[in-house]
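Participant: Can you read through this structure? Questions will come right after.
The values are calculated or read from the model by the stated rules, or taken from the named source; none is laboratory data. All values derive from a computational prediction rather than experimental measurement. Don't worry about glycine lacking a Cβ; one is built from the backbone with ideal geometry, like all the others, and counts go over all protein chains shown. Accessible surface is based on the protein model in full, side chains and every heavy atom, while ligands, DNA and RNA are left aside. Shrake-Rupley method; radii C 1.70, N 1.55, O 1.52, S 1.80 Å.
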Amino acid sequence: MSTNGDINLQWPVEHLQAVPRCPVCAGECSRELLHAEMSDRVFGIAPGAWSLYRCNGCRSAWLDPRPDAESLPLAYAGYFTHGEIRQRVIVRRRGMVRRYLHDVLNDYMNHRYGTHLQPAVRHGYWLAWLLPPLRAAADAACRHLPNVPHGGGSLLDVGCGNGAFLRLASEMGWSVSGLDFDPHAVEQARNAGFSVTVGGIDELDHVTDGYDVITLSHVVEHVADPNDLLVRLHRLLKPGGRLWMETPNIHSLGHRLYGRNWRDLDPPRHLLLLNKSSLRVALSLAGFVEIEQRWHAMQVFGIFNASEAIRRGQGGVASEDKRRHFLSSFVEVAEWLLPSRREFLTITARKPASP
């Protein structure tokens, strides 16, 4: 069967799973069709046409029908977590100004998070405080990690891919391990020397109170049962342990502007898309406290560029456009002022220190 994303090539019918109720609130709320006949226009590897519904209760959105667990790997052939491990670049070191900003951020992360990034500008840590968007992007890249506890701290990255963040967290002083479904990505991480398990969160059912920190970057949208995932994560954390997670926001300005062409719809890989309030409720019900939204700055242009490419049928990255730079800069400011409309929901939460 071809996997070119053509909606005329259908997903195997026997591997489609009906989802009549919202996976988040699981109640009797009515729903509305948000987008119909969507295809894989991001990677162009998954067959089928997909419908996205929105819950009239919690306002989350989900695919119905969706691929079942057995067939879902069809959507991930050649997925981007297969590549070599590379440090995430916030500002590319091109041109005099960008080189300087790149080196300022290196110094900021070295002082704030204990990394050893080079080259770094002396006193860049202090200069970074004059650049809130750049500083917010650096904090998000380091996943807002706290200082390593006295005596060492354990960190689990769920959906770790090839181990790029494991490398960064290890440099910060954390004792790291990972979990990922993709055996090719896991092989990359293991070759880099990291302890990584192949599979889902159920692979760690034997562990209780095992980690000081758990991180998930763009994982929950790929999961069939988000509530079960959050309960399991809560159990895995030590009392007082910290959860960091990020996921696309269905209420974002990007979705409002681009609609069915918004890059982060990404069917059929994204089974579920949350909003600020539905994610907060799900975390509370799982037992988490001190739930705080963080700002992952400097993401708008990348999402808008990809969405524009999808709108034009290019399937890749659109050529840079000054008008799109202006629009994304305007939206970046708007999202800073309107947290519920940000492209990503970037959240920290804690497991209570005592029952």
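Participant: Please report, as a whole percent, how much of the solvent-accessible surface of the chain comes from carbon and sulfur atoms (probe radius 1.4 Å).
Facilitator: Numbers: 8900 of 16600 Å².
So the carbon and sulfur contribution to the accessible surface is 54 percent.
Participant: Sticking with this one: Distance from a point 7 Å along Cα→Cβ of Ala18 to each backbone N in the stretch 29-49: keep the residues under 14 Å and list them by number.
Facilitator: Of the residues in the stretch 29-49, none has backbone N under 14 Å from the label point off Ala18.
Participant: Nearest 20 debye, what's the magnitude of the dipole of the chain about its Cα centre given +1 on Lys and Arg Cβ and -1 on Asp and Glu Cβ? Don't skip to the answer; put the middle values down first.
Facilitator: Working: 39 positive and 37 negative charges, 308 e Å.
Rounded to the nearest 20 debye, it is 1480 debye.
Participant: Nothing charged except the Cβ atoms of Lys and Arg (+1) and of Asp and Glu (-1): what's the magnitude of the dipole of the stretch 237-355 about its Cα centre? Round to the nearest 20 debye. Can you show the working numbers first?
Facilitator: Values: 18 positive and 11 negative charges, 35 e Å.
That gives the stretch 237-355 a dipole magnitude of about 160 debye.
Participant: Lys and Arg at +1, Asp and Glu at -1: add these up for the other residues within a Cβ distance under 10 Å of Tyr76 and post the number.
Facilitator: Details: positive: Arg269; negative: Asp182.
With Lys, Arg at +1 and Asp, Glu at -1, the net is 0.
Participant: Rg and Dmax of the stretch 146-234, using alpha carbons, in Å: what are they?
Facilitator: Taking only Cα atoms of the stretch 146-234, I get Rg and Dmax of 12.6, 37 Å.
Participant: In the stretch 5-55, which GluC sites (Glu not before Pro) are in a loop and have at most 12 other Cβ atoms within 10 Å, using DSSP for the loop call?
Facilitator: Values: sites: Glu14, Glu28, Glu32, Glu37; in loops: Glu28.
Loop-located and lightly packed - Glu28.
Participant: Express in Å², to the nearest 10, the accessible area of Asp40 obtained by rolling a 1.4 Å probe over the protein heavy atoms while all chains stay in place.
Facilitator: Counting only protein heavy atoms, Asp40 exposes about 10 Å² to solvent.
Participant: A further question follows. Dividing the Cα convex hull volume of the chain by residue count, how many Å³ per residue is that? Provide the component values of the computation, followed by the final result.
Facilitator: Details: hull volume 51.4 nm³, N = 355.
Value for the chain: 145 Å³ per residue.
Participant: Keeping every protein chain present and rolling a 1.4 Å probe, give me the accessible area per residue for the stretch 197-276 in Å².
Facilitator: Values: 2460 Å² over 80 residues.
About 31 Å² of surface per residue is accessible.
Participant: Oh, and also: Quick one: compute the contact order of the chain, relative version, from alpha carbon pairs under 8 angstrom and 6+ residues apart, as a percent.
Facilitator: Values: 717 pairs, mean separation 57.7, N = 355.
Taking the mean separation of contacting Cα pairs over the length of the chain, I get 16 percent.
Participant: From the residues Leu33, His111, Pro239, which one has its Cα farthest along the dipole of the chain in the positive direction, the dipole being from +1 and -1 charges on Cβ of Lys/Arg and Asp/Glu about the Cα centre?
Facilitator: The one lying farthest along the dipole's positive direction is His111.
Participant: Continuing with the same structure: Within the chain, which DSSP H helices have Cα atoms that stretch 24 Å or more along the helix axis and a mean Kyte-Doolittle hydropathy of at least 0.5?
Facilitator: Span-like helices, by this rule, are absent here.
Participant: May I ask you to compute the full-extension gain from Glu292 to His150, defined as 0.36 nm times their residue separation minus their alpha-carbon distance, rounded to one decimal in nm? If you can, show how the numbers build up before the last one.
Facilitator: Numbers: separation 142, 0.36 × 142 = 51.12 nm, distance 2.44 nm.
The Glu292-His150 span can extend by a further 48.7 nm.
Participant: Can I ask one more? Quick one: plug the Kirkwood hydrodynamic radius of the stretch 125-181 (C-alpha pairs) into Stokes-Einstein at 25 °C, 0.890 mPa s, and report D in µm²/s. Let's see the in-between values first.
Facilitator: Values: Rh = 12.6 Å.
Estimated diffusion coefficient is 195 µm²/s.
Participant: Pop a pseudo-label 7 angstrom from the Cα along the beta-carbon direction at both Val97 and Ser51 and give the gap in nm to one decimal.
Facilitator: Taking the simple label geometry, Val97 and Ser51 are separated by 4.9 nm.
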